[in-house]
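Below: one structure, written as structure tokens.
The values are calculated or read from the model by the stated rules, or taken from the named source; none is laboratory data. None of these values were measured; they are calculated from a predicted model. Every residue, glycine as well, gets a Cβ built from its backbone with ideal geometry; the counts of neighbours run over all protein chains shown.
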Amino acid sequence: MAIGTILEHPGQSREQAEQIQAHVRSTGPVPPDGARLVIAGPADPGWRVITVWDSVEARERFFAERLIPAFEQVGLSFADTKRTQFDVQLLIAGDLTGAPTGR
């Protein structure tokens with residue numbers, strides 16, 4: 001069963017989110033190995049990321065190897081990020097070929 005995760009970091013600015021995304025893109029495949037879906041955008045306050053993973057192990061490997069170092073590079077602590085996990089019962093996506101690829 002796939003695992004969904006919601007990450008919310010109230011102190012994260014748009015600029016920091018963009019820097020984190022750039023670091024992640026420069027350190028490995030996007031989407032990361034084991035990730036089925038990644039959605040990110042501004043929250044009030046801060047930034048929110050919703051992901052769907054093949055396994056908890058794949059998610060935790062990505063966090064340890066790529067995401068936590070990206071947070072540290074921009075001066076944020078990943079420990080300040082609220083994490084919510086849920087079992088994904090249904091995942092439906094339309095044609096995502098026109099989805100934005102980032103800046």
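Take the residues of the stretch 11-31 that are over 9 Å from the mean Cα position of the chain (by Cα) and touching a residue at least 60 places away in the same chain (Cβ under 8 Å): which is surrounded by the fewest Cβ atoms within 10 Å (Cβ to Cβ)? It would help to see each step written out before you state the result.
Quick first cut of the stretch 11-31, residues over 9 Å from the mean Cα position of the chain (by Cα) only: 11-20, 22-31.
Still in the list and also touching a residue at least 60 places away in the same chain (Cβ under 8 Å): 11-12, 16, 18, 25.
On the way: G11: 12, Q12: 24, Q16: 19, E18: 14, R25: 14.
Top of the filtered list is G11.
When you check E8 against the structure, is it of a type in the set (D, E), in a helix (DSSP H, G or I), at pLDDT 95 or above and surrounded by 12 or more Cβ atoms within 10 Å (Cβ to Cβ), yes or no?
No, not satisfied.
How many of the residues in the stretch 49-77 are among the polar types (S, T, N, Q), surrounded by fewer than 16 Cβ atoms within 10 Å (Cβ to Cβ) and in contact (Cβ under 8 Å) with a residue 40 or more places away in the chain? Give the derivation first.
Residues of the stretch 49-77 among the polar types (S, T, N, Q): 51, 55, 73, 77.
Next, from what is left, pick out any that are surrounded by fewer than 16 Cβ atoms within 10 Å (Cβ to Cβ): 55, 73, 77.
After this cut, where a residue has to be in contact (Cβ under 8 Å) with a residue 40 or more places away in the chain as well, the list is 55, 73.
Number of matching residues: 2.
Which is on the phi > 0 side of the Ramachandran plot, at pLDDT below 95 and surrounded by 12 or more Cβ atoms within 10 Å (Cβ to Cβ), of G34, G46? Step through it out loud before you land on a result.
Numbers: G34 fails: at pLDDT below 95.
Step by step, each of G34, G46 is checked, and only G46 is on the phi > 0 side of the Ramachandran plot, at pLDDT below 95 and surrounded by 12 or more Cβ atoms within 10 Å (Cβ to Cβ).
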